[in-house]
Amino acid sequence: MKMGSGFAAPNVFLCLLLFMSAYRSGAREMTDILLQSEELIGHNHDAHHHVHAHQSSHMDHMDPSSMVFFTMKDLKKGITMPIYFRVNELSNVFPHLLPREEADSIPFSLEELAFLLKHFSFSKDSTQARAMEHTLKQCENQPIEGEIKFCPTSLESMLDFARSAFSSGTEFKFVNTRRLTKSTTQFQNYTILEVPDQIFAPKMVACHTMPYPYAVFYCHSQETENKAFRVSLVGDNGDRVEAIAVCHMDTSKWSRDHASFRVLGIEPGSSHVCHFFQPDNLIFVPVSSSISNI
């Protein structure tokens with residue numbers, strides 16, 4: 001069994017390490033992230049027929065950004081499925097994280113939306129305004145039963161939340177999806193190259209980027225059973241991706257409007273749901289987590 005070290009891209013890891021060591025002692029981009037966050041986090045609340053190339057015709061009308069869902073029977077070497085991966089990566093997101101002092105000086109509340117639009121010079125009918133309203137609503141929604149959630153607006157507050165979610169004294173690291181080849185292709189068929197690895201973590205904290213004028217994450221942790229995997233993929237055009245995926249084993253509390261039920265053709269609680277993480281998202285897991293082939 002291999003120990004789970006070195007999951008994260010080195011340049012991003014160094015950025016986080018500077019902060020974590022102390023604790024241990026644009027419109028197009030907005031639209032892209034908005035579509036993905038609506039699919040993952042859902043229309044009322046939080047996020048999430050398997051999706052092979054020979055799917056039924058209703059898939060042809062799906063928004064490509066929703067093509068991230070699957071079930072565990074798809075986690076097999078040689079399986080091909082259409083997957084959407086944003087081009088944006090964590091290394092592009094972290095420079096837009098504000099220092100805590102600056103982030104705390106800016107209101108982050110739906111009540112203050114009019115002020116915020118004026119502050120950032122966005123018209124109320126703009127794409128940016130819609131994106132900001134979406135983010136503020138999702139961040140202010142109540143968590144589902146058995147879930148804790150928080151929208152950090154600084155790296156320090158993100159690490160504070162992650163630390164609070166784990167047992168006292170637990171050291172943690174992060175894993176993330178990585179593009180191994182430079183590419184601007186976001187949606188294509190991918191084939192699983194190797195038997196996926198399972199990341200054995202007793203608890204995890206997932207953080208999704210949200211559309212906002214500066215970097216904001218939607219972070220949450222669930223008490224229900226979740227399984228994390230590392231999956232090696234190759235696209236039809238030769239793109240290589242080392243993807244992180246999570247399977248939520250209990251979906252009974254999820255909203256019926258959740259995109260995964262529409263994509264997979266299932267009902268809340270009738271099946272587990274798996275989804276790939278975007279390259280600009282991350283998952284915190286205990287340092288003690290190990291990995292092994294499934």
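Looking at the structure I just gave you, is S164 hydroxyl-bearing (S, T, Y), open to solvent by 80 Å² or more (accessible area, probe 1.4 Å) and part of a helix (DSSP H, G or I)?
yes
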- Within segment 185-204, work out how many residues are modelled with pLDDT under 95 and exposed (fewer than 15 other Cβ atoms within 10 Å of the Cβ). 1
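Determine if segment 112-122 includes at least one residue that is closer than 28 Å to Q186 by Cβ and modelled with pLDDT under 95. Break it down into steps so the answer makes sense when it comes.
If we filter segment 112-122 for residues that are closer than 28 Å to Q186 by Cβ, which is where we start, we get 120, 122.
Filter again for modelled with pLDDT under 95, leaving none.
So far as segment 112-122 goes, no, none of its residues is closer than 28 Å to Q186 by Cβ and modelled with pLDDT under 95.
Please count how many residues of segment 242-294 are of a type in the set (F, W, Y), outside any strand (DSSP E or B) and under 28 Å from L97 (Cβ atoms). Working first, answer last.
Filtering segment 242-294 down to residues of a type in the set (F, W, Y) leaves 254, 261, 276-277, 284.
If we keep only those that are outside any strand (DSSP E or B) as well, we get 254, 261, 277.
Within this subset, residues satisfying the condition of being under 28 Å from L97 (Cβ atoms) are 277.
So the count comes out to 1.
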- Where S221 falls short, out of the listed (1) hydroxyl-bearing (S, T, Y); (2) more than 14 Å from the chain's Cα centre (by Cα); (3) assigned to a strand (DSSP E or B): (2)
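Is it fair to say P143 is assigned to a loop (DSSP other than H, G, I, E, B) and modelled with pLDDT under 95? Show your work before the answer.
Details: assigned to a loop (DSSP other than H, G, I, E, B): yes; modelled with pLDDT under 95: yes.
Yes, satisfied.
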- Subset of segment 235-265 that is among the aliphatic types (A, V, I, L, M) and either in contact with a Cys (Cβ under 6 Å, 6 or more places away or on another chain) or surrounded by 18 or more Cβ atoms within 10 Å (Cβ to Cβ) (or both) - its residue that is farthest from N293 (Cα to Cα): A259
- Filter result (of a type in the set (K, R) and closer than 15 Å to P286 by Cα) within segment 213-232: K227
- Message: Just to verify a result, which residue in segment 64-85, among those that are open to solvent by 10 Å² or more (accessible area, probe 1.4 Å) and β-branched (V, I, T), is nearest to D239 (Cα to Cα)?
- Response: T80
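The values are calculated or read from the model by the stated rules, or taken from the named source; none is laboratory data. Note that the structure is predicted; figures quoted are calculated from it, not measured. Positions of Cβ are backbone-derived with ideal geometry, glycine not excepted, and every protein chain shown enters the neighbour counts. Side chains included, ligands, DNA and RNA excluded: accessible areas come from the protein's heavy atoms. Shrake-Rupley method; radii C 1.70, N 1.55, O 1.52, S 1.80 Å.
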